[in-house]
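Below you'll find the structure, written out as structure tokens, and then a few comments.
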Amino acid sequence: MKRSLYTLLAGIMLSFTCLILSCQKGSNTSSTNTTQTQPANSTLPTITSLSTTTGGYYTGVTITGTNFSATAANNQVLFNGVAATVITATATQLTVSVPLAAGTGPVTVTVNSVKATGPVFTYQKTLAVTTVVGYGLPSNLMTGAGGATIGFNTSFACIAADTAGNLYFSLPVQYLICKQTPNGTITPYIGTYANNAAFNGTFAPISIISYMPQYMAFDASKNLYGTLGFTNIWQISNKGIFTNTFGGVFTPVSTSFGASFETIGGMATDAAGDVYVSDFYNNVIRKITPGGIASIFAGSGKQGTADGAAALATFYQPANITIDANGNLYVIDFGNNLIRKITPAGTVSTLPVTTAQPTGITVDNSNNIFIAEQGYIKQITPAGQETIFAGVGASSAIFDGPVSIARFYATGDITTDHHNNIYVLDENGNSIRKVGYQ
């Protein structure tokens, strides 16, 4: 009886052991199958380090990790969600340049739809040149929705900015002035758009400009002044009222020293609402009061470089002009290749700076003077220090980037906005460039 009981118990134990072994075997088989369906960890991209975690636009960064693509285009690199340019690539390192206005956030690398997240990169604002209007090709037909996708002809064009951050640019060939808002939207502001029936399908101008619009300037009351061709001045009041004969007479040539201009070479306004106009071939600077009374502000009408009292001073083809917060007027004396200063009291002097065929001049809120010339933007501080502010000299193409490497094709008119950003007309580049911290 005992023997039978022992035999029965032994059989039960054996069966139980077999059952356990069978379950373990089944469990091991399921685990193996699951592992085989997952991607091998050795093929996933990883980021182990960045060569630097702080920098500005165009800073070079080396990303070290594993399982990157050796083909640069197959690696998507983002700085805080903003796409970066991949310059070189190997399986373990990517060399990239920091994108404009990236902000602060993590760096990610995506390869074959698999994303690796790396350290946080801290973006530092950079003094840089960017293109805000135009894409470099001349066009008499306004194309695109705005910004860098729009094409236009910059021949004889000029620019101005208001206190709200809107940018205005004249297109003489199209008989048109356009407005670009801070978000980049471009709309026609005034004109007939002579070479086309419509502006992107819709066009409702304030009024009609019958001849080439060119120079523009805002006064302290937000009235906009501009020129028709080279001899006449118009005004758009802050209420939107257009006046086509604010100053001058619409004649191609006039040598009288009354209200007639032979060729207008530049325009500026002061805090009192007076408009100053350089009369290029008459070698004088004229002043027009808010009431429309024109007079000679500086220059005897003779060619020369004489400084001193305004009535006795001489200029040779005065061109673009600007005015600072103290009421000092700065003139590009084009024929003499000089920069002249006229005080509110009417004393003319010559700035001790070097110039090379300057085309535009402007002043910021701190009374720094900026001069556009030969592919450069030059800065003259209130203390008289002269430096190259942006650009590397005349180039055969435009190139955006930090000011030390950016290229201008051929600089033209120049202006500043209320935030001290500088806008430059790149004439041969058929574009408007912005210089500022971005």
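The values are calculated or read from the model by the stated rules, or taken from the named source; none is laboratory data. Computed from a predicted structure; not experimentally measured. Positions of Cβ are backbone-derived with ideal geometry, glycine not excepted, and every protein chain shown enters the neighbour counts. With ligands, DNA and RNA removed, areas are computed over all heavy atoms of the protein, side chains included. Shrake-Rupley method; radii C 1.70, N 1.55, O 1.52, S 1.80 Å.
Side notes on the structure shown:
- A residue that is surrounded by 15 or more Cβ atoms within 10 Å (Cβ to Cβ) and modelled with pLDDT of 85 or more occurs nowhere in the stretch 189-212.
- Residue within the stretch 324-342 that is within 28 Å of the chain's Cα centre (by Cα), among the acidic types (Asp, Glu) and either in a strand (DSSP E or B) or closer than 18 Å to Phe280 by Cβ (or both) present: yes
- If you go through the stretch 367-386 and keep only what is among the hydroxyl-bearing types (Ser, Thr, Tyr) and at pLDDT 95 or above, you end up with just Thr381.
- Only one of the listed residues (Thr343, Thr289, Thr322) is open to solvent by 20 Å² or more (accessible area, probe 1.4 Å) and under 18 Å from Ala220 (Cβ atoms). That residue is Thr289.
- Looking across the stretch 242-268, just one residue is open to solvent by 20 Å² or more (accessible area, probe 1.4 Å) and modelled with pLDDT of 75 or more, and that is Thr263.
- Subset of the stretch 169-182 that is open to solvent by 10 Å² or more (accessible area, probe 1.4 Å) and among the hydroxyl-bearing types (Ser, Thr, Tyr) - its residue that is modelled with the lowest pLDDT: Tyr175
- For the stretch 80-108, the set of residues classified as over 27 Å from Phe389 (Cβ atoms), touching a residue at least 40 places away in the same chain (Cβ under 8 Å) and out of contact with any Leu (no Cβ under 7 Å at 6 or more places or on another chain) consists of Asn80 only.
- Residues in the stretch 216-235 that are hydrophobic (A, V, I, L, M, F, W, C) and at pLDDT 80 or above: Met216, Ala217, Phe218, Ala220, Leu224, Ile233.
- Among the residues of the stretch 285-308, those that are modelled with pLDDT under 95 and among the hydrophobic types (A, V, I, L, M, F, W, C) comprise Ile288, Ile293, Ala294, Ile296.
- Test: residue in the stretch 299-312 that is closer than 19 Å to Ala271 by Cβ, out of contact with any helix residue (DSSP H, G or I) (no Cβ under 8 Å at 6 or more places or on another chain) and assigned to a strand (DSSP E or B): no
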